[in-house]
Amino acid sequence: MSLPVVLVHGLRTSRTMWRAQLEALERVGRRAVAVDLPGHGTRIGEPFTLDSAVDTVAEAVDGVGGPAFVVGLSLGGYVAIRHAARHPDQVSGVLAAACSTRPHRVLVAGWSFGAQGIARLPDRGARLNQFFVDLALPAPAAADVGAGGFALDATNEVLREMAVATPLTDLARIEAPVWLVNGAFDHFRGEERRFLAACRDGRLVVVPRATHLVSLVQPARFTRVLLEALDEVESRAAVATGT
């Protein structure tokens with residue numbers, strides 16, 4: 001039986017951002033599910049905490065008959081790392097994309113200040129958000145991201161929670177193999193070597209011509225990395241069990 005996959009979205013987006021990867025995984029016969037974190041997508045209005053986000057992933061892994069390979073982008077990457085550290089029996093591998101920078105208090109405070117200003121706009125920043133989505137993404141990816149709506153009011157709550165995140169400590173606790181995947185032009189890859197060094201069993205993949213939203217900007221390349229990672233995990237498991 002092939003390894004199931006759980007995909008975790010980024011801040012303000014939803015599970016719909018993973019359409020391309022879900023279709024690719026379905027084509028090769030893999031069971032996969034993308035979740036909505038609290039405060040996002042179908043769960044807009046629910047309070048977001050890191051603990052509740054981890055619980056969401058844990059429930060999804062149980063739902064696909066885990067253990068599973070857990071994939072996360074940006075906020076989803078930090079959540080995937082935290083989940084793997086706290087639920088090691090649920091995880092056969094982790095792909096943490098666009099999250100190779102610690103959420104330093106000064107950085108989080110700066111992002112929060114900007115988010116508060118945007119939230120004061122008459123439309124709470126909806127048009128500004130859509131402008132940057134259309135600017136940053138190819139049309140199909142922009143449609144995928146927008147399909148589940150944007151959690152414009154979740155930003156400050158998420159940032160408050162990220163202030164207590166400990167990704168380096170969490171990575172050091174994960175025994176399963178970890179893939180750190182970053183776009184070459186991602187502003188969140190500043191500490192990727194430090195993140196890699198924290199891993200017990202880690203590898204780093206930098207995707208050319210990709211920005212922070214690597215799975216959306218370069219969906220085919222990203223999906224190839226994911227499929228190769230799945231093959232490696234399963235091959236290693238087969239060798240270990242002699243099957």
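So here's what we get for this one:
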quantity	calculated
Pair list, Cβ under 7 Å, 6 or more apart: the range 219-240 residue within 16 Å of Glu23 (Cα to Cα) and among the hydrophobic types (A, V, I, L, M, F, W, C), other residue assigned to a helix (DSSP H, G or I) and modelled with pLDDT of 95 or more	Phe222/Val214; Phe222/Ser215; Leu226/Gln21
Residue count, the range 131-167 (criterion: part of a helix (DSSP H, G or I), in contact (Cβ under 8 Å) with a residue 40 or more places away in the chain, aliphatic (A, V, I, L, M) and surrounded by fewer than 16 Cβ atoms within 10 Å (Cβ to Cβ))	2
Considering residues of the range 197-243 that are β-branched (Val, Ile, Thr) and in contact with a strand residue (DSSP E or B) (Cβ under 9 Å, 6 or more places away or on another chain) only, the residue surrounded by the fewest Cβ atoms within 10 Å (Cβ to Cβ)	Val206
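The values are calculated or read from the model by the stated rules, or taken from the named source; none is laboratory data. In this text the structure is predicted, and so the values were computed from the model without any measurement. We place every Cβ from the backbone using ideal geometry, glycine too, and count neighbours over all the protein chains shown.
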